[in-house]
Structure formats: structure tokens, C-alpha cells
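The values are calculated or read from the model by the stated rules, or taken from the named source; none is laboratory data. Note that the structure is a prediction, hence the values are computed from the model and not measured. Cβ sites come from the backbone with ideal geometry, for glycine too, and all protein chains shown count toward neighbours.
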Amino acid sequence: MSQRIKIISNLIDLVPIIHIFNSDLHKSVFNELLRGWKTEKELKEIIGTDVNKSIELLKMGHLIAGRWRTPERGEMPEMEYAAAYSKIKADFQSDFEDMGDVINIAVMDDDTFGEYESAIIKKINKDKRSINEICRELNYSPSFLRGLLKRSLLLDLRGQDVVILKNANTAKK
């Protein structure tokens, strides 16, 4: 489909990519979207299971594009998706400690990752929003915290503040 190249210039941007391609389900969804535009319903029929989380992760990693499919008369329009990139190019420099953190976060099981997310959410609820405060209180390196935020569907970094996303309740489902 697309012959665009995703350029990675920051080590932290690898977190969602490694996380996505570490899962057979997410990888299968992406491979189907490389073949062309498909709705969530069509993907579910092809893959044989719910693909909502895969689509959310692919959106978060900016790996897919979406558009509204023009419906037949009397039908509701549906969002369809396709892969935005077919190749990747990485150009960054990193120390091994940060690279280890990125790989660890990307392949971490969901339960362990959820514990890290919960700890960050507790700090935010105690009015500890800045990345420096959270790093200091939880004893995380800034690159480790940024990696956690890059993988999270519930949290985001806005400037120097860590915020809980408004769609956090739907992302947990």
C-alpha cells in the first residue's frame, strides 16, 4: 500500500513500535492494514478476534491512518484504516541504560505495566504532575518515565506535566 518511511529520531519513539510488533495479534492487524483499507469489523472477521486494542495501539504509534468509508444508501459511515508506513528508518544515539529501559518497557507484561501506570496515577492524584517530581518520588529515570508514558493509553506528557487522558476509562476496557 503506502511506500512512506517512518523516521525515528528519538529512542523513546521505539516503545510503541516494539510493543506492537511483540504481539502476534497487533502484528497481524498491522499486516492486514498494509494490504489496504479495512474497517474494524472487517479486521475482526479476518483475524477472528476483537481488534479494538490493536487499532488503538497502532493509532498511538502513528502507524495507521483513518478515513470515513462512504456508505451505501441508508447505511452508517464506518471508519476504515490502512497502514501509514511500510518502512522504518531509525537515526538516534543512546546509551545502553536507556536502550535497556526502552526494551524492558516495550516487552513488559500488561500486569507489571499496569502497576507502573497505577503508581504514576497515584502521584498525579496527589498533585505531583511534573515529570521531575514523579521521577524523583518514584525513583525513575526520565527516559524510563517517558517510555512508560509513550506506551500508556491512559497517560500522556504535555510539556513537562504528566496528565491523565480524558478517554482513560474507555482505554482500560
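Look through the stretch 70-103, keep the residues that are surrounded by fewer than 13 Cβ atoms within 10 Å (Cβ to Cβ) and touching a Pro at 6+ places or on another chain (Cβ under 9 Å), and return whichever of them is farthest from ASN10 (Cα to Cα). Here the answer is PRO71. For ASP109, the conditions (1) at pLDDT 90 or above; (2) surrounded by 14 or more Cβ atoms within 10 Å (Cβ to Cβ); (3) under 16 Å from the mean Cα position of the chain (by Cα) all hold with the exception of (2). For the stretch 18-26, the criterion of being out of contact with any helix residue (DSSP H, G or I) (no Cβ under 7 Å at 6 or more places or on another chain), surrounded by fewer than 19 Cβ atoms within 10 Å (Cβ to Cβ) and over 22 Å from MET108 (Cβ atoms) is met by no residue. Among the residues of the stretch 37-50, is any surrounded by 13 or more Cβ atoms within 10 Å (Cβ to Cβ) and touching a residue at least 60 places away in the same chain (Cβ under 8 Å)? No, the stretch 37-50 has no match at all.
Can you confirm whether VAL29 is surrounded by 14 or more Cβ atoms within 10 Å (Cβ to Cβ) and either assigned by TED's automatic domain parsing to the domain that holds GLY147 or farther than 20 Å from LEU154 by Cβ (or both)?
Details: surrounded by 14 or more Cβ atoms within 10 Å (Cβ to Cβ): yes; either assigned by TED's automatic domain parsing to the domain that holds GLY147 or farther than 20 Å from LEU154 by Cβ (or both): yes.
Answer is yes for this residue.
Yes or no, residue by residue, for (1) without any contact (Cβ under 8 Å) to a residue 40 or more places away in the chain; (2) polar (S, T, N, Q):
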| position | (1), (2) |
| --- | --- |
| ILE64 | yes, no |
| THR70 | yes, yes |
| PHE96 | yes, no |
| ASP101 | no, no |
| PHE113 | yes, no |
| ILE124 | no, no |
| ASP127 | yes, no |
| LEU138 | yes, no |
| PHE144 | no, no |
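It is to be established whether one or more residues within the stretch 153-163 are of a type in the set (Val, Ile, Thr), at pLDDT below 95 and either surrounded by fewer than 16 Cβ atoms within 10 Å (Cβ to Cβ) or on the phi > 0 side of the Ramachandran plot (or both).
Step one: list which residues in the stretch 153-163 are of a type in the set (Val, Ile, Thr), which gives 162-163.
If we keep only those that are at pLDDT below 95 too, we end up with 162-163.
Then keep just the ones that are either surrounded by fewer than 16 Cβ atoms within 10 Å (Cβ to Cβ) or on the phi > 0 side of the Ramachandran plot (or both); that gives 163.
The answer is yes; a qualifying residue exists.
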